Amino acid sequence: MGMQVGGNDDDMMMEINTTPLIDVMLVLLIMLIITIPIQTHAVKLDMPVNSPSNVTEKPEVVQIDIGSNNVISWAGVPLADRAALEKNLSEASQRAVQPEFHIRPDKDANYEAVAMVLASSQRLGVKKIGIVGHEQFMQ
């Protein structure tokens, strides 16, 4: 690119040498790629730790149903709103032996209702929670 073959030696070369510009741009591109943080979409879950305990009795099981019309039921009793759910969760999580919570969503229930129950449970300190009834989703 920067070499001229033939012609008169007294002529000035009127072309710009782009090789150093390309080298600088490649170095900047590589630095940009390296410094961009990797985007991960993850949900932080606190997984249970297996600890030996002397408790031989089974804990109480509380069934939380989410109907197809997004009505939340606590042990078969429909709840009025989120405040009622959080009141029940708070009372249950303060017990000496925390009950197990089994969430059973209907296959036509909105994800928002299920996520709301899970978020409220985590915020209020519920440790033993599980989603049951997944066989209805299999075809």
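The values are calculated or read from the model by the stated rules, or taken from the named source; none is laboratory data. The structure displayed is predicted, hence computed values, not measured ones. Here Cβ is always computed from backbone atoms with ideal geometry, including for glycine, and neighbour counts include all displayed protein chains.
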Give just the number: which of (1) at pLDDT 90 or above; (2) surrounded by 14 or more Cβ atoms within 10 Å (Cβ to Cβ) does Ala109 not satisfy? (1)
Which one of Ile103, Ile64 is among the β-branched types (Val, Ile, Thr), in contact with a Phe, Trp or Tyr (Cβ under 7 Å, 6 or more places away or on another chain), under 25 Å from Met47 (Cα atoms) and crowded, with 18+ Cβ neighbours inside 10 Å? Ile64
